[in-house]
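Remarks on the structure that follows.
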Amino acid sequence: MKRLGVNIDHIATLRNARGEFHPDPYYAANYVKKKGADSVTIHLREDRRHIKDLDAKKICSIKNLLVNLEISTKDEIIKNALRIKPDFVCIVPENRKEITTEGGLNLLKNKKKIKKIVKKFKDKKIRTSLFINPSIKDIIMSKDIETDCIEIHTGKLANLVKSKKKFKKEFTRIKRCTKLAHKLGLVVHAGHGLDYDTVSPIAAIPSIEELNIGHFLIGESIFRGLPFAIEKMRQLIDASCNSPVGANR
């Protein structure tokens, strides 16, 4: 079965709106695991707009909880992440002015730097992942960088589906990239913009092992509750994996 990683950044966003202590991301990390998440994702941004250093340290110290720490390539963030020692790191592009992550890493421009960063984490036995666009060139460069995993940016596909536009071409790109990555020995994850309406086609791709979903689940929890949102997402993922159509896509 495919793993579901739940991003809890926006629990911290809500807490920070009041500058107080509730809702607590540390509590949330424990809670989503109990409610069906296979792992928890947090993004330690340079501007600390949601997750703070102490949050990351406390969450990564929880026993029997797999934590995926998203980080930029900035030296300060790399040093903090090495001190925090998460189970996994995912290197993502970061623009201070962006509202959310806008696309994958520019591997062509930053290949040497990223390769050095990946080695630092692998030397500490921390699994590495690169957040990339669905591009054959990026898959090949990821293999050369010697990362353990890639996470494919699904934002374009999700936006096409939500806008009721044709998405077959983008879907085909993602399938081809995941197939090549799997062939090259890379573990494949996917995420960004996924919700109840967009998760099924991605979950149906056999080579994808993990889906990371956050903003939608936290937003949906306001209306239906977080356990319901996670359970429904899990059901959709499992149904897509088990369907004869999904298995042959």
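The values are calculated or read from the model by the stated rules, or taken from the named source; none is laboratory data. The model shown is predicted, which means the values in this text are computed figures rather than measured ones. Using ideal geometry, Cβ is built from the backbone for each residue, glycine included, and neighbour counts are taken over all protein chains shown. Quick note on the areas: whole protein, heavy atoms, side chains included, nothing else; ligands and nucleic acids left out. Shrake-Rupley method; radii C 1.70, N 1.55, O 1.52, S 1.80 Å.
Side notes on the structure shown:
- Residue within region 222-234 that is more than 23 Å from Val6 (Cβ to Cβ) and of a type in the set (Val, Ile, Thr) present: no
- Odd one out for Ala181 among (1) out of contact with any Leu (no Cβ under 9 Å at 6 or more places or on another chain); (2) surrounded by fewer than 23 Cβ atoms within 10 Å (Cβ to Cβ); (3) within 24 Å of Val40 (Cβ to Cβ); (4) among the small types (Gly, Ala, Ser): (2)
- Qualifying position, being part of a helix (DSSP H, G or I) and either touching a helix residue (DSSP H, G or I) at 6+ places or on another chain (Cβ under 8 Å) or among the aromatic types (Phe, Trp, Tyr) (or both), among Leu217, Leu194, Leu211: Leu217
- Any hit, region 123-133, residues being in a strand (DSSP E or B), small (Gly, Ala, Ser) and either open to solvent by less than 10 Å² (accessible area, probe 1.4 Å) or over 30 Å from Phe216 (Cα atoms) (or both): yes
- Test: residue in region 166-184 that is among the charged types (D, E, K, R), without any contact (Cβ under 8 Å) to a residue 12 or more places away in the chain and either within 21 Å of Val118 (Cβ to Cβ) or part of a strand (DSSP E or B) (or both): yes
- Criterion: farther than 27 Å from Ser207 by Cβ and surrounded by fewer than 21 Cβ atoms within 10 Å (Cβ to Cβ) - qualifying residue of Lys169, Lys165, Lys113: Lys113
- Cβ-Cβ contacts under 8 Å between residues 6 or more apart (or on different chains), taken from a first residue in region 115-127 that is touching a residue at least 40 places away in the same chain (Cβ under 8 Å) to a second residue that is open to solvent by 10 Å² or more (accessible area, probe 1.4 Å) and of a type outside the set (A, V, I, L, M, F, W, C), are listed as Ile117/Thr73; Phe121/Arg127; Lys124/Lys85; Ile126/Lys85; Ile126/Asp87; Arg127/Asp87; Arg127/Asp148.
- Among the residues of region 66-89, those identified as open to solvent by 10 Å² or more (accessible area, probe 1.4 Å), closer than 18 Å to Asp9 by Cβ and out of contact with any Leu (no Cβ under 8 Å at 6 or more places or on another chain) are Leu66, Lys74.
- Test: residue in region 25-39 that is surrounded by fewer than 22 Cβ atoms within 10 Å (Cβ to Cβ), closer than 21 Å to Ala81 by Cα and out of contact with any Leu (no Cβ under 8 Å at 6 or more places or on another chain): yes
- In the set (1) open to solvent by 10 Å² or more (accessible area, probe 1.4 Å); (2) over 15 Å from the mean Cα position of the chain (by Cα), Ile59 fails one condition alone, (1).
- When residues of region 151-182 are limited to those that are within 25 Å of Leu107 (Cα to Cα) and small (Gly, Ala, Ser), the one nearest to the chain's Cα centre (by Cα): Gly155
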